[in-house]
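Undergrad: This is the structure I want to talk about, given as structure tokens.
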Amino acid sequence: MTLTKWYVVLAMSAGAVTSAIAQSDFPASPSAKQEAPRLVEVMGMAQIEHLKLWYAGKAKNWDLAAYELRQLTNSLAEAAIFYPAVPVSNVTTMKEPLLAVADAIATGDERKFAASMRVLTDGCNVCHTSMGRGFIAITVPAGGQPPANQIFSPPAASRKK
Ligand code: HEC
């Protein structure tokens with residue numbers, strides 16, 4: 001379990017991100033590696049990983065949660081590496097929340113898991129807002145329509161009376 005924590009530290013440390021991704025169990029062929037995915041593809045994956053991470057933690061399947069956390073950490077690191085327009089600082093601020101989630105998983109602490117997931121999710125939205133994507137509002141799933149970790153109604157401020 002502590003592996004997850006070190007993994008997050010490694011993947012989120014400036015300069016170490018590429019090597020963390022290169023350590024994937026299933027690396028791409030050298031030619032395919034040259035082709036970066038579109039940022040929306042990386043983010044679409046991040047959304048699914050975030051969703052599965054939440055449900056795995058809720059079900060106390062800590063091995064699966066650790067796995068999804070690793071994938072999510074990679075996706076966020078990829079966003080920083082492949083896309084110069086994405087401020088690296090917006091990604092590195094995700095490190096602490098990711099570590100808190102890793103801690104909760106390592107200790108099997110459900111309450112800490114939920115609380116740290118909320119902080120992590122705030123980080124998703126802070127970056128979206130700072131990049132003109134405030135309409136992509138991520139939430140921890142609360143039983144809405146799938147994908148349950150996104151809010152589809154417009155922000156209250158812009159809603160017609
Ligand atoms: C460092 C900045 C940053 C962080 C952190 C970030 N995102 Fe994003 N995200 C973006 C940007 C920029 C876009 C818009 C990409 C575009 O329009 O091409 C985006 C788009 C998305 C989309 C829309 C993709 C689609 O096809 O509908 C989803 C969903 C998403 N992000 C989920 C997440 C989740 C979940 C997290 C947190 C676990 C997260 N993002 C964290 C920058 C970020």
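Undergrad: Let me spell out the model: positive unit charges on the Cβ of Lys and Arg, negative unit charges on the Cβ of Asp and Glu, origin at the Cα centre of the chain. What dipole size does that give, in debye rounded to 20?
TA: Once rounded to the nearest 20, the dipole reads 620 debye.
Undergrad: Right, next: Starting from the Cα gyration tensor of segment 70-131, take the square roots of the eigenvalues, sort them a ≥ b ≥ c, and report rounded, prolate or oblate (rounded when a/c is under 1.5, otherwise prolate if a/b is larger than b/c, else oblate).
TA: prolate
Undergrad: Using +1 at the Cβ of each Lys and Arg and -1 at the Cβ of each Asp and Glu in the chain, identify which of PRO30, PHE113, LEU72 lies farthest towards the dipole's positive end.
TA: It is PHE113, whose Cα lies furthest towards the positive end.
Undergrad: Arranged from highest to lowest average of other beta-carbon atoms within 10 Å per residue, in what order do the peptides 93-104, 144-155 appear?
TA: 93-104, 144-155
Undergrad: Still on this model: What percent do you get for the relative contact order of the chain when only Cα pairs under 8 Å and 6+ apart count?
TA: Result for the chain is 22 percent.
Undergrad: How do 105-114, 35-44 rank on mean C-beta neighbours within 10 Å, highest first?
TA: So the order, starting with the most tightly packed, is 105-114, 35-44.
Undergrad: Now a separate question. Using helices alone, I'd like the mean residue ellipticity at 222 nm for the chain: each DSSP H run of four-plus residues gives -39500 (n - 2.57), total over residue count, nearest 500.
TA: -19500 deg cm²/dmol
Undergrad: Once you keep just the Cα pairs under 8 angstrom separated by 6 or more residues, what percentage relative contact order results for segment 101-156?
TA: The normalised contact order for segment 101-156 reaches 22 percent.
Undergrad: Another question, if that's okay. Rank ALA137, TYR83, ILE48 by how far each Cα sits towards the positive end of the charge dipole of the chain (+1 on Lys, Arg Cβ; -1 on Asp, Glu Cβ) and give me just the farthest.
TA: Of the listed residues, the answer is ALA137.
Taken together, the values in this text are just the output of simple stated rules run on the coordinates, not laboratory data. Remember, predicted model here, so these are calculated numbers, not experimental data. For neighbour counting, all protein chains shown are included, and Cβ atoms are generated from backbone atoms with ideal geometry for every residue, glycine included.
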